[in-house]
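Note sheet for the following structure.
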Amino acid sequence: MRMRRSVFAYPYVVWMAVFILTPMLLILYYAFSNDSGATLENIVQAASWDNLRVLADSVRFALYTTLLCLLLGFPVAYLLSQMKKTTAGLLSVFFIVPMWMNFLLRTYAWKVLLSAFTKILYTESAVLLGMVYNFLPFMILPIYTTLIKLDKSYIEAAADLGANPTKTFLKVILPLSMPGIISGITMVFIPSTTTFAISQLLGGGKTMLYGDLIYMKFITEQSWNTGSALSIILLAFVLVSMAFMKKAERKTSDEGGGRLW
Amino acid sequence: MVNRLKKFFSGTYLGLILVFLYAPILILIVYSFNQSKTLGNWTGFTFDWYTQLFRTPEITDALVVTLSVAAISSIVATVLGTLAAIGLHAMKRRDRMLLENISQLPMVNPDLVTGISLMLLFLFVGLRNGYARLLIAHITFNLPYVIFSVLPKLRQSSDLLYEAALDLGCTPLQAIKKVVIPDIMPGIVSGLIMAFTLSLDDFVISFFAGNGVDNLSMYIYATARRGVNPALSTIIFVPVVTLLLIVNLKSIREERNAELQSKKVGMKR
């Protein structure tokens with residue numbers, strides 16, 4: 001009898017059960033229990049007014065970051081996509097390489113720069129700057145990959161039919177690049193909601209984001225139950241935003257990119 | 001004229017964004033050759049920061065930890081993940097979808113939650129060894145990246161190859177080794193490289209899952225208040241950028257060759 005190939009996945013399945021599933025179940029366990037048994041108290045505590053305000057603050061920061069990344073990143077992706085293919089390929093590497101470079105050291109570099117040359121270190125602007133800096137490549141990459149696949153004949157057709165460049169951009173290029181924009185937004189918004197350490201390094205502890213709150217509960221206060229509950233709330237928020245983005249993505253591709261506005 | 005102006009503006013814009021992305025690091029690298037302790041005050045050229053770097057045991061230890069964890073975890077994840085992908089590919093659709101969805105969890109999960117969940121597990125089972133904790137955590141978050149870079153290659157290749165190898169007398173392991181693996185090699189290699197770079201770079205998961213044994217990111221975090229030796233930026237960035245440039249330039253060159261090839265074919269027609 002032949003050995004079934006699915007056997008090769010078994011070592012991984014065991015690994016997954018122990019190191020992916022069990023840890024997640026532990027978070028759930030701590031979030032929904034205390035010394036006396038099952039409870040919703042941790043969740044209620046974690047969803048306190050103060051904590052929700054921190055979450056709202058994080059979302060606000062993440063939205064600013066996403067918007068700034070989109071405004072700065074779209075032109076980069078667009079200009080790159082308009083270049084000769086080989087030049088664009090080479091140049092785009094330079095815009096994407098920072099994704100793979102130690103984010104902590106890059107953030108630290110800003111800390112040094114800001115403290116030497118400006119007065120904005122330890123302000124909200126510094127935190128925002130650090131976030132935009134860290135997440136910008138994640139916006140450029142997906143938009144760029146969508147734009148280089150864009151069929152140039154659409155643009156020519158629009159021009160032939162009498163659309164001026166602005167109209168072509170608004171009615172053809174922008175709608176067609178929507179899938180890239182949406183995945184860029186996902187890739188920036190979600191990590192920047194859950195970011196940790198950027199605000200500590202550049203905000204000097206004055207700006208408390210949700211990631212820092214979870215850190216505080218676990219490391220400083222050692223209260224695992226509340227910390228786990230906070231993590232569950234974060235995870236729920238992330239999953240909901242992702243589902244929302246997925247839906248938006250499906251919508252744009254269903255409509256073939258037209259009639260968005 | 002208008003065209004030239006357009007070119008000038010687009011070039012300037014791209015240049016400015018590149019400056020934004022690279023200036024902080026380049027300034028740190030320049031500053032690592034400066035005698036003065038304060039930025040913006042050039043007092044003379046020196047290698048002192050570098051000699052000091054290699055005389056600081058915390059840094060050299062962290063460097064060894066970072067590199068060894070990255071090497072071991074990426075290799076283990078590549079072996080486990082490649083086998084997993086081969087197994088998953090052969091499974092029934094329903095089982096495969098379930099396992100693939102669970103596998104995506106570490107990619108979907110915020111790093112923070114992954115790190116904390118592993119921390120809870122390690123505390124729960126009483127695993128104290130910081131190095132082992134880092135290794136397990138890195139293998140775990142590397143695995144999905146390997147699996148999802150190998151799976152598409154498996155879909156592209158034909159199952160009949162494996163069957164044929166068995167019919168011709170290979171054992172399943174031989175068939176995997178001699179027929180399937182060579183066919184999906186590009187996916188395995190890109191998975192390995194991705195796993196290695198992710199591991200080199202990780203901070204959040206290591207910070208929560210680790211225990212006392214620091215990698216470079218954790219060291220930087222711990223010393224950021226006092227000030228980090230700027231020579232560290234050179235040590236980290238030059239190899240990473242070189243590696244990534246080599247990998248990317250290679251693929252660009254291949255692409256260009258393919259393009260030229262197809263052009264030639266087109267012309268012959």
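Structure above, values below:
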{"quantity": "All positions within region B:80-105 that are open to solvent by 50 Å² or more (accessible area, probe 1.4 Å) and among the polar types (S, T, N, Q)", "calculated": "B:Asn101, B:Gln104"}
{"quantity": "Residue that is nearest to A:Leu114 (Cα to Cα), among those in region B:21-37 that are within 23 Å of the chain's Cα centre (by Cα) and more than 7 Å from every other protein chain (Cβ to nearest Cβ)", "calculated": "B:Ala23"}
{"quantity": "All positions within region B:230-257 that are more than 9 Å from every other protein chain (Cβ to nearest Cβ) and in a loop (DSSP other than H, G, I, E, B)", "calculated": "none"}
{"quantity": "Scan of region A:22-36 for residues that are closer than 21 Å to A:Ala47 by Cβ and open to solvent by less than 20 Å² (accessible area, probe 1.4 Å), ordered by number", "calculated": "A:Leu26, A:Ile27, A:Ala31, A:Ser33"}
{"quantity": "Residue check for A:Thr87: part of a helix (DSSP H, G or I), surrounded by fewer than 17 Cβ atoms within 10 Å (Cβ to Cβ) and polar (S, T, N, Q)", "calculated": "yes"}
{"quantity": "One residue from B:Val108, B:Val76, B:Val64 being within 11 Å of chain A (Cβ to nearest Cβ), open to solvent by 40 Å² or more (accessible area, probe 1.4 Å) and modelled with pLDDT of 95 or more", "calculated": "B:Val76"}
{"quantity": "Region B:79-105 - residue that is at the interface with chain A (Cβ under 7 Å from one of its Cβ atoms) and under 23 Å from A:Ile190 (Cβ atoms) and, of those, modelled with the lowest pLDDT", "calculated": "B:Leu105"}
{"quantity": "The listed residue being facing another protein chain (nearest Cβ under 7 Å), open to solvent by less than 50 Å² (accessible area, probe 1.4 Å) and hydrophobic (A, V, I, L, M, F, W, C), out of A:Val54, A:Val97, A:Val7", "calculated": "A:Val97"}
{"quantity": "Number of the exception - A:Phe244 against (1) within 18 Å of the chain's Cα centre (by Cα); (2) more than 23 Å from B:Ser217 (Cβ to Cβ); (3) within 12 Å of chain B (Cβ to nearest Cβ); (4) of a type in the set (Phe, Trp, Tyr)", "calculated": "(3)"}
{"quantity": "Residue that is surrounded by the most Cβ atoms within 10 Å (Cβ to Cβ), among those in region A:113-123 that are facing another protein chain (nearest Cβ under 7 Å) and at pLDDT below 90", "calculated": "A:Ala116"}
{"quantity": "Where B:Asn211 falls short, out of the listed (1) surrounded by 15 or more Cβ atoms within 10 Å (Cβ to Cβ); (2) more than 11 Å from chain A (Cβ to nearest Cβ); (3) in a helix (DSSP H, G or I)", "calculated": "(3)"}
{"quantity": "Helices (runs of 4 or more DSSP H) (entirely within region A:169-261) containing at least 2 residues that are touching a residue at least 60 places away in the same chain (Cβ under 8 Å), more than 30 Å from A:Asp35 (Cβ to Cβ) and open to solvent by less than 40 Å² (accessible area, probe 1.4 Å)", "calculated": "A:178-193, A:198-203, A:224-254"}
{"quantity": "Qualifying residue in region B:171-189 (condition: among the hydroxyl-bearing types (Ser, Thr, Tyr) and either open to solvent by less than 10 Å² (accessible area, probe 1.4 Å) or within 22 Å of the chain's Cα centre (by Cα) (or both))", "calculated": "no"}
{"quantity": "Any hit, region B:221-229, residues being within 12 Å of chain A (Cβ to nearest Cβ), closer than 28 Å to B:Val108 by Cα and at pLDDT 90 or above", "calculated": "yes"}
{"quantity": "Subset of region A:124-142 (residues that are farther than 15 Å from A:Ser199 by Cα and either surrounded by 22 or more Cβ atoms within 10 Å (Cβ to Cβ) or at the interface with another protein chain (Cβ under 7 Å from one of its Cβ atoms) (or both))", "calculated": "A:Leu136, A:Pro137, A:Phe138, A:Met139, A:Ile140, A:Pro142"}
{"quantity": "Contacts under 8 angstrom Cβ, first residue in region B:152-178 being free of Cβ contacts under 8 Å to residues at least 60 places away in the same chain, partner of a type in the set (Ser, Thr, Tyr), 6 or more apart", "calculated": "B:Ala175/B:Tyr162"}
{"quantity": "Residue count, region B:38-50 (criterion: surrounded by 11 or more Cβ atoms within 10 Å (Cβ to Cβ), more than 9 Å from chain A (Cβ to nearest Cβ) and among the β-branched types (Val, Ile, Thr))", "calculated": "1"}
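Condition check ((1) crowded, with 20+ Cβ neighbours inside 10 Å; (2) at the interface with another protein chain (Cβ under 8 Å from one of its Cβ atoms); (3) of a type in the set (Phe, Trp, Tyr)) across all residues:
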residue	(1), (2), (3)
B:Leu118	yes, yes, no
B:Gly130	no, no, no
B:Phe141	yes, no, yes
B:Ser157	no, no, no
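Rundown of residues vs (1) within 18 Å of A:Tyr215 (Cβ to Cβ); (2) without any contact (Cβ under 8 Å) to a residue 24 or more places away in the chain; (3) part of a helix (DSSP H, G or I), yes/no style:
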site: A:Trp15; (1), (2), (3): no, yes, yes
site: A:Phe19; (1), (2), (3): no, yes, yes
site: A:Thr22; (1), (2), (3): no, yes, yes
site: A:Leu28; (1), (2), (3): no, no, yes
site: A:Asn42; (1), (2), (3): yes, no, yes
site: A:Gln45; (1), (2), (3): yes, no, yes
site: A:Val54; (1), (2), (3): yes, no, yes
site: A:Asp57; (1), (2), (3): yes, no, yes
site: A:Arg60; (1), (2), (3): no, yes, yes
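The values are calculated or read from the model by the stated rules, or taken from the named source; none is laboratory data. Source: prediction; values computed, not measured. Using ideal geometry, Cβ is built from the backbone for each residue, glycine included, and neighbour counts are taken over all protein chains shown. Protein only, heavy atoms only, side chains kept; ligands, DNA and RNA dropped before computing areas. Shrake-Rupley method; radii C 1.70, N 1.55, O 1.52, S 1.80 Å.
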